[in-house]
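Below is one structure, written out as structure tokens, with a few remarks after it.
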Amino acid sequence: MSSLPASSLPPSGEPLLDVAGPLATITLNRPVHRNRLHDEDLLALLRHFEAVEADPAVRVLVLRARTTPPSPVFSAGYHLGQFRGGHAGGTLAFEQVPDALARLRVVTVCALAGSVYGGATDLAMACDFRIGVQGMRLRMPAAALGLHYYPSGLRRFVARLGLGAARRLFLLAEELDDQTLLEIGYLDELVPPEALDARVMALTERLVRLAPLALQGMKQTLQEIAWGEARLDEWRRREALTQASADFAEGRAAFAQRREPVFRGV
């Protein structure tokens, strides 16, 4: 997740997927071009999301990027040279990618190893947690380009940051520094670049030890509440599912026995 010299990197290409037990990692892989997102990258991301969703063993997904010094960039956003009414390959709207990421069953963590721009700001926003590095910056230039941003992205920013912060990001099109991103809630944590890997690892290790049914159900319910959706019956169903689960029985037994619980997601 840290910056690497360009000479040590493999050729630029589509995002990479690695799965190791309960942890999946997707890595943006165009460091020389500041990880701009091409049409084929969007399609690859959707394929990776489907693979993660289909693997019941995966509990956490980390979204990261290969970056290069001296000014690392997590992603410069969508490649404007391929822009055709917001569609990749003539059929896929960019918004389908962060929307799909937000809907994933697993808990998601974005390791922002550098600055983030354009549509990539929503890709990171679609994750459940965002950890950034000192010195990073963000800019959403839609208004400066003459573009009305897609509705689901605007809704996501308003739901998670509030209307005031969303106005600042989208209507002023100004570049924000790392401390401002922390203050408005875009970042959950801000760490020195050399501490990013360890902090992300600590967070993911904690997440994979928690009860998957409860964690994944509450992730979805919290998001639906934030979006103003009224799905009380579904929320009660998720609640009842955990109450009847073997994981809840294990959690109570572990608490009584003063030991670490071992959750299996059932």
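Computed quantities for the displayed model
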| read-out | value |
| --- | --- |
| ASP178 being closer than 21 Å to VAL106 by Cβ, in the same structural domain as GLY119 (by TED's automatic domain parsing) and of a type in the set (Asp, Glu) | no |
| Given (1) over 16 Å from the mean Cα position of the chain (by Cα); (2) modelled with pLDDT under 95; (3) not hydrophobic (A, V, I, L, M, F, W, C), index of the condition GLN223 fails | (1) |
| Qualifying position, being more than 17 Å from ASP128 (Cα to Cα) and either outside the structural domain of VAL158 (by TED's automatic domain parsing) or crowded, with 17+ Cβ neighbours inside 10 Å (or both), among GLU224, GLU194, GLU250 | GLU250 |
| Criterion: hydroxyl-bearing (Ser, Thr, Tyr), surrounded by fewer than 21 Cβ atoms within 10 Å (Cβ to Cβ) and either more than 30 Å from ARG264 (Cβ to Cβ) or modelled with pLDDT of 90 or more (or both) - qualifying residue of THR67, THR108, THR91 | THR91 |
| Some residue of region 177-184 being surrounded by 19 or more Cβ atoms within 10 Å (Cβ to Cβ), in contact with a Phe, Trp or Tyr (Cβ under 9 Å, 6 or more places away or on another chain) and touching a residue at least 12 places away in the same chain (Cβ under 8 Å) | no |
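The values are calculated or read from the model by the stated rules, or taken from the named source; none is laboratory data. Bear in mind the structure is a predicted one, so any value in this text is a computation, not a measurement. Using ideal geometry, Cβ is built from the backbone for each residue, glycine included, and neighbour counts are taken over all protein chains shown.
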